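Take a look at the structure set out below.
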Amino acid sequence: MLSRVADSLFWMSRYIERTEGILRMLKINYASSQDNTSEFGWNPVLKTFSFLEESQIAKIEKDSRAVLRFMVIDKDNPNSVVNMVTKSRENARAVQDHITKEVWQCLNEFYHIVCEDKLSKSLKSEDPVSVLDSLIRQGMLYYGTTEITMSRGEGMCFMSIGRYLERAIQSTDILQVKFKELPADDAESVTDPSSWKYFLMSISGYELYLKNYRSGFEVKNILDQIIFNINFPRSVHYSVYQAQRYFERLKNERNRDSYDKVNFMIGKLRSNIKFSNVESIVQEGLPNFLDKIHQELFSVGDALNQHYFANS
Amino acid sequence: MNSSSIFESYPLAPNTWDEMYAGKDVRSPYQDIYEFLQAIPLEELNKKEDLAKRLFMSQGITFTVYSSGEGIEKIFPFDIIPRIVTATEWDSIENGITQRLKALNLFLKDVYHNQFIIKDGIVPADLIYSCPHYIREMQHVNVPHDIYVHIAGIDLIRDHDGTFYILEDNLRTPSGVSYMIENREITKRIFPDLIPRNNVRPVTQYPNILHKNLVALSPRPTANPTVVLLTPGMYNAAYFEHTTLARLMGVELVEGRDLVVENHHVFMKTTNGLQQVDVIYRRVDDDYLDPLVFNPSSELGVSGILSAYRKGNVAIVNSIGNGVADDKAIYVYVPEMIRYYLNEEPLLKNVPTYHLKNKDESKQVLDNIQKMVVKKTNGSGGYGMLMGNSASDEEIAAYKKEILKDPRQFIAQPVISLSSAPCYINGKVQPRRLDLRPFALCGPSGIEIVPGGLTRVALKEGSLVVNSSQGGGSKDTWVLSS
């Protein structure tokens, strides 16, 4: 496969994964904003998913519609849904002969939907949850179409690596923002249960949490689920494990050198997570641990760039 | 509603061949579609037109126009009423183009080798060497199977009596074939059952024939050569066509930056290192193909690709330097070429053409410029031409100045009134002018022409210019089986 093609597939997939994460985050936070107006603020979401300064965040963090507009249709926000989908589709357009016609049409339609004026009008006047749901459905359509129509070759591997790497980075980002102010060694610090409920819902982890942990919201349990639970599809461990699985399929004799280098990095990252637990990271200091994981995730991306995408 | 109203305002232009009407009667090949259109309610027809637009958009059969940093997706306008070519008409087109293409390939081989046609005084030498598309580097290069033109998109028009004329030979990187294929797919969706009922010959085999020919050109004797399609990239207006063809043939779509030349062999950069490339179907013009030889600022090409080609280590389709054969000044000599190389009479006529380099012809043209179309010999896309019948006096004066600067660059043809055919425009069926571009494929086993082509139509009322850059659209082209 051409290096350029692998690069495009990787990013096509990453952008959609990010879009999907952002949309879910927006939907649940919007719901939360309707529930508890006094304590709710968009600050954590904007901090995780935008490049705004603290002062700019302060301007809009209490105005849900303004935040939605900024995060969904603002072309000046590089992480807005419209820009993410446009980039994903541009990448798809450059590799149309490597994705199925169905996947291409799916992304192309998604693109036309986010570019239409209709979207901006509905965001202004209609129920935001319905609008966000309709966009989330487009993302689901992409995942389903990919799953059913794409051949299980090299291309699919790069798409999956992109997807899981992006997801691991997002989960780490979300934790970094959420726990910045919170002393993680204080297990009793959870005061506002409804905000934790919405937090878990925004990463589709609330139901799993209820099933696994019977003692209500505790920081150590929340960390355990989001970092370590291998059954939770958004956990850092699960995402890294999946990225590793798909990467291992790229092994062959012709690129032994490149493979070994990147494989070492992913393996080391996974071991770091696998052989830690909540106790050990609290001891180490949560911010330190998250920083380290974050950096390692980015260096895997850089290594792929250098050894597989010919962008060295 | 009154079902006949849809054809009510169909003003036939004087002295023009109409594809559907012979006087007041509907020609028999159009009878079925005529009755179908009469029976269908207007709302239904509008729905079908909408459906066609939506299908083009959602499938990404579009090109992007960039204005102020933002990309806007555009559709190449499509008229839903098909254009019909009868079996007899097609036979004569097929034979005529086959003959012409044979001669043009022989001409290119001759020009780039022994030049008998110059020595025998048929084509003047200065005309060849003054052609900007004559590539000196191709002199004495042997190309695989002596084929220079593998893909030709030869344009045909019909005069007032219905005779087909050759308007242009496009022998470099002709485009539009994806519309031949996709327009048919759209027609299948909007007019169910109409195609089988009319015995329309299929066009889907085009990519398979092309792929077979490309594989056969591989310089390496391997069962599975690496064939690639070289595109200038996604900002090119024909990018959709490049992706479609790559997909339908199952070959890699590459850009210049994906390729490198090492030791006169071409390789592509893959995730598993370098992989040798055997055949390149390029959609990049000669000028941009190799910055070492041609335009040094080109980022679309590959440095050293020409040397790999000259050594015979890679096949390039179409060959380099073909522009010397589809130059509009050389066009005048094609009938002579056919007689010279094949000892046959040309089956399809040329449009009478005057070269402004010749003093007496030039005078005749300038005196009658209102009845003339003046074109640049190396122009395309409908740019830089003068339609004498519709230009203002100032335009004509300015153009005359241009001509006098370098008469070699200009030819003139009498205004030929292209044939008209029914188009569905604003709720009415109206006649519009059109041409026809069939795509001929030339491989080691001979010349094949898929029964169909790109019908381009001038959507502006009264316009005779069908180019897409000048407000042209396209139609599905039906070739009927006998």
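From the list B:Tyr165, B:Tyr235, which one is over 20 Å from B:Trp90 (Cβ atoms) and of a type in the set (Phe, Trp, Tyr)?
Answer to the selection: B:Tyr235.
Tell me the residue from A:Leu119, A:Leu132, A:Leu123, A:Leu107 that is outside the structural domain of A:Ser235 (by TED's automatic domain parsing), buried (at least 23 other Cβ atoms within 10 Å of the Cβ) and farther than 30 Å from B:Thr270 by Cα, please.
From the options A:Leu119, A:Leu132, A:Leu123, A:Leu107, the qualifying one is A:Leu132.
Would region A:72-90 turn up any residue that is away from chain B (no Cβ under 14 Å), closer than 30 Å to A:Phe309 by Cα, assigned to a loop (DSSP other than H, G, I, E, B) and out of contact with any Ser or Thr (no Cβ under 9 Å at 6 or more places or on another chain)?
no
Within region A:273-296, is there a residue that is within 14 Å of another protein chain (Cβ to nearest Cβ) and hydrophobic (A, V, I, L, M, F, W, C)?
The answer is no; no qualifying residue exists.
Would you pick out the residues in region B:228-248 that are surrounded by fewer than 23 Cβ atoms within 10 Å (Cβ to Cβ), over 20 Å from the mean Cα position of the chain (by Cα) and of a type in the set (A, V, I, L, M)?
If the condition is that a residue be surrounded by fewer than 23 Cβ atoms within 10 Å (Cβ to Cβ), over 20 Å from the mean Cα position of the chain (by Cα) and of a type in the set (A, V, I, L, M), then B:Met234 is the only one that fits.
For residues that are under 16 Å from B:Thr173 (Cβ atoms) and aromatic (Phe, Trp, Tyr), scanning just region B:260-290, find the one that is farthest from the other protein chains (Cβ to nearest Cβ).
B:Tyr288
Kindly state which strands (runs of 3 or more DSSP E) lie completely within region B:40-98 and contain at least 1 residues that are out of contact with any Lys or Arg (no Cβ under 8 Å at 6 or more places or on another chain) and within 14 Å of chain A (Cβ to nearest Cβ).
Of the strands (runs of 3 or more DSSP E) lying wholly inside region B:40-98, those with at least 1 residues that are out of contact with any Lys or Arg (no Cβ under 8 Å at 6 or more places or on another chain) and within 14 Å of chain A (Cβ to nearest Cβ) span B:63-67, B:70-74.
Suppose we filter A:Ser3, A:Ser55 for residues that are of a type in the set (Gly, Ala, Ser), more than 30 Å from B:Gln275 (Cβ to Cβ) and modelled with pLDDT under 95; which single one remains?
Within the list A:Ser3, A:Ser55, the selection yields A:Ser55.
May I ask you to say which residue of A:Thr48, A:Thr19 is part of a helix (DSSP H, G or I) and touching an Asp or Glu at 6+ places or on another chain (Cβ under 6 Å)?
Going through A:Thr48, A:Thr19 in turn, the sole match is A:Thr48.
For residues that are among the β-branched types (Val, Ile, Thr) and more than 10 Å from chain A (Cβ to nearest Cβ), tally how many sit in region B:215-259.
Number satisfying all stated conditions: 4.
Can we say B:Lys428 is of a type in the set (Lys, Arg) and farther than 17 Å from B:Ile157 by Cα?
So B:Lys428 fits the description; yes.
Can you say whether B:Val266 is crowded, with 22+ Cβ neighbours inside 10 Å and among the hydrophobic types (A, V, I, L, M, F, W, C), as far as the supplied structure shows?
So B:Val266 fits the description; yes.
Tell me which of these B:Ala246 doesn't satisfy, since it passes every other one: (1) under 22 Å from B:Ala216 (Cβ atoms); (2) touching a residue at least 24 places away in the same chain (Cβ under 8 Å).
Only one criterion is unmet by B:Ala246, namely (2).
Among the residues of region B:387-400, is any buried (at least 19 other Cβ atoms within 10 Å of the Cβ) and either touching a Phe, Trp or Tyr at 6+ places or on another chain (Cβ under 6 Å) or modelled with pLDDT of 90 or more (or both)?
Looking through region B:387-400, none of the residues is buried (at least 19 other Cβ atoms within 10 Å of the Cβ) and either touching a Phe, Trp or Tyr at 6+ places or on another chain (Cβ under 6 Å) or modelled with pLDDT of 90 or more (or both).
I'm checking my understanding of the structure. Among residues of region B:440-461 that are touching a strand residue (DSSP E or B) at 6+ places or on another chain (Cβ under 9 Å) and in a loop (DSSP other than H, G, I, E, B), which one is nearest to B:Pro207 (Cα to Cα)?
Applying the filter and picking the extreme gives B:Val450.
Kindly provide the set of residues from region A:91-102 that are within 7 Å of another protein chain (Cβ to nearest Cβ) and either part of a helix (DSSP H, G or I) or of a type in the set (A, V, I, L, M) (or both), ordered by number.
Within region A:91-102, A:Arg93, A:Ala94 qualify.
Give me a count of the residues in region B:53-76 that are surrounded by fewer than 17 Cβ atoms within 10 Å (Cβ to Cβ) and touching a helix residue (DSSP H, G or I) at 6+ places or on another chain (Cβ under 9 Å).
Residues flagged as surrounded by fewer than 17 Cβ atoms within 10 Å (Cβ to Cβ) and touching a helix residue (DSSP H, G or I) at 6+ places or on another chain (Cβ under 9 Å) within region B:53-76 amount to 5.
Let's see how each residue does on (1) of a type in the set (A, V, I, L, M); (2) buried (at least 21 other Cβ atoms within 10 Å of the Cβ); (3) within 30 Å of B:Asp258 (Cα to Cα); (4) not assigned by TED's automatic domain parsing to the domain that holds A:Ala6:
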residue	(1), (2), (3), (4)
A:Ser64	no, no, no, no
A:Val67	yes, yes, no, no
A:Ile73	yes, no, no, no
A:Pro78	no, no, yes, no
A:Val85	yes, yes, yes, no
A:Ala94	yes, yes, yes, no
A:Ile99	yes, yes, yes, no
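The values are calculated or read from the model by the stated rules, or taken from the named source; none is laboratory data. Quick caveat, the model's predicted, so the values are computed rather than measured. Heads up, the Cβs are rebuilt from the backbone with ideal geometry, glycines too, and the neighbour counts pull from every protein chain shown.
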